[in-house]
Amino acid sequence: MVKVLGFEYGGFFIWSKRLEQGLFAPLPVPVPGRRSVSLSRTGLSALLEGIDVTVLRKRYGGPAVAA
């Protein structure tokens, strides 16, 4: 189960999502001494779509061009 506490212009909201089968991708490790993790809107969308947000990958830059 994932629980989200968010804030929009009108105030705070609480949202939750539970999977009937399978697992969510792993969450980033929280800062020591805290139990929560802050994610951007993009990071939250990726997490809910099953994309692992804990792994940083270098973007493909294309082949090197000879001068």
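Any read-out appearing in this document is the output of simple, stated calculations on the displayed coordinates, not a laboratory observation. No experiment lies behind these values; they were computed from the predicted model shown. Cβ coordinates were reconstructed from backbone atoms using ideal geometry, including for glycine residues, and neighbour counts include every protein chain displayed.
Here are the numbers for this structure:
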read-out: In order through the range 30-41: 3J(HN,Hα) via Karplus (6.51 cos²θ - 1.76 cosθ + 1.60), integer Hz, x for Gly, Pro; value: x, 4, x, x, 10, 9, 10, 10, 9, 10, 6, 4
read-out: Approximate shape of the chain as ellipsoid semi-axes (Cα gyration tensor, √5λ), whole Å, largest first; value: 30, 16, 14
read-out: Theoretical gain in end-to-end length, Ser36 to Phe7 [0.36 nm per residue, Cα-Cα removed]; value: 8.9 nm
read-out: Cβ-based exposure ranking for Ile14, Ile51, in which fewest neighbours within 10 Å come first; value: Ile14, Ile51
read-out: Percent RCO, i.e. relative contact order, over the chain, from Cα pairs under 8 Å lying at least 6 residues apart; value: 23 percent
read-out: Förster radius 22 Å - calculated FRET efficiency between Phe24 and Ser45, Cβ distance, rounded to 0.05; value: 0.95
